[in-house]
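Trainee: I am attaching a structure below and will ask some questions about it afterwards.
None of the figures in this text is laboratory data; all of them are computed from the coordinates on show. Since this is a predicted model, take the numbers as computed values, not measurements. Here the Cβ positions follow ideal geometry from the backbone for every residue, glycine too, while neighbour counts run over all protein chains shown.
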């Protein structure tokens, strides 16, 4: 749905502003690329499009269905925005297309969330994950560490994610991505990330990845298939 986001999160370097109309052929072209690359697991994501009816959920649903036709053996993971006030209808539409994984990143622990995502809503994102899990989808989320949160804050966020029915989680190191972006308050040691992963698994997550270089799509296929 283009490369211009309608949000302006302080951690992100994606351009923001007024996007162009989306290309209706994009879901078909995504599916063709997945088939040509012979992917076994594809992660499909987008910028946030608050300007579109439904927030662009129909594009995700179409991309899933087109991929099923073009590459039926490929697992499809969608990494979705929060769809603002149209969330329930949007998630229902995407759920009807039956992605293998629905991923929505919480992005940051609750105490620092407002500074990281001033146009987002922590509780609303939890509601999205809970609705998706309630519709029988395999649900995944992720967050970054290094904004000034404590280990207790990370644990609390993991607990709240698990309470939604979230099965998979990724935790990675925040790095400043643009001039004027939020500074890194803490650089976590690999041992600390290992402790975070162990805590996530102890809370009942089916799979967890945590580390300096972990991002929401890190080892996505392995996380889905081997746990």
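Trainee: Compute and list, largest first, the equivalent-ellipsoid semi-axes of region 127-184 from the alpha carbon gyration tensor, each √(5λ) rounded to a whole angstrom.
Mentor: On the way: eigenvalues 136, 35, 14 Å².
Output for region 127-184: semi-axes of 26, 13, 8 Å.
Trainee: Round to the nearest 10 and give me the degree value, 0 to 90, for the angle of helix 122-134's Cα axis relative to the longest principal axis of the chain.
Mentor: Result, in degrees: 50.
Trainee: Among 187, 174, 122, rank each residue by its count of other Cβ atoms within 10 Å, from fewest to most, as a rough exposure measure. Working shown, then result.
Mentor: On the way: 187 12, 174 25, 122 20.
By the 10 Å Cβ count, ascending, the order reads 187, 122, 174.
Trainee: Using a 10 Å cut-off on Cβ atoms, rank the peptides 207-219, 157-169 from the highest mean neighbour count down.
Mentor: Values: 207-219: 18.7, 157-169: 21.8.
Listed from highest to lowest mean packing, they are 157-169, 207-219.
Trainee: If I fit a long axis through the Cα atoms of helix 57-70 and take the longest principal axis of the Cα atoms of the chain, what angle between them do I get, 0 to 90°, rounded to 10?
Mentor: The helix 57-70 is inclined about 70 degrees to the chain.
Trainee: Further, regarding this structure: Counting each pair of different Cα atoms once, what's the Kirkwood radius of the chain in Å, rounded to one decimal?
Mentor: Values: mean 1/r = 0.0561 Å⁻¹.
With all distinct Cα pairs of the chain included, I get 17.8 Å.
Trainee: In bins 10 Å wide, starting from 0, what share of all Cα pairs of region 7-109 does each bin hold, as a percent?
Mentor: Distribution as computed: 15, 46, 33, 6 percent.
Trainee: In deg cm²/dmol and to the nearest 500, what is the mean residue ellipticity at 222 nm of the chain if only DSSP H runs of at least 4 residues count, each as -39500 (n - 2.57), divided by the residue total? Provide the component values of the computation, followed by the final result.
Mentor: Working: 8 runs with 88 residues, N = 227.
Here the helix-only value at 222 nm equals -11500 deg cm²/dmol.
Trainee: If you don't mind, another one. Report the relative contact order of region 77-225, percent, no decimals, based on alpha-carbon pairs under 8 angstrom and at least 6 residues apart.
Mentor: Details: 246 pairs, mean separation 32.2, N = 149.
Worked out over region 77-225, it gives 22 percent.
Trainee: Follow-up. What does DSSP give for the chain in terms of the percent of beta bridges that are antiparallel, rounded to the nearest 5? Could the numbers behind the result be given before it?
Mentor: Numbers: 0 of 23 bridges.
Approximately 0 percent, going by the DSSP bridge assignments.
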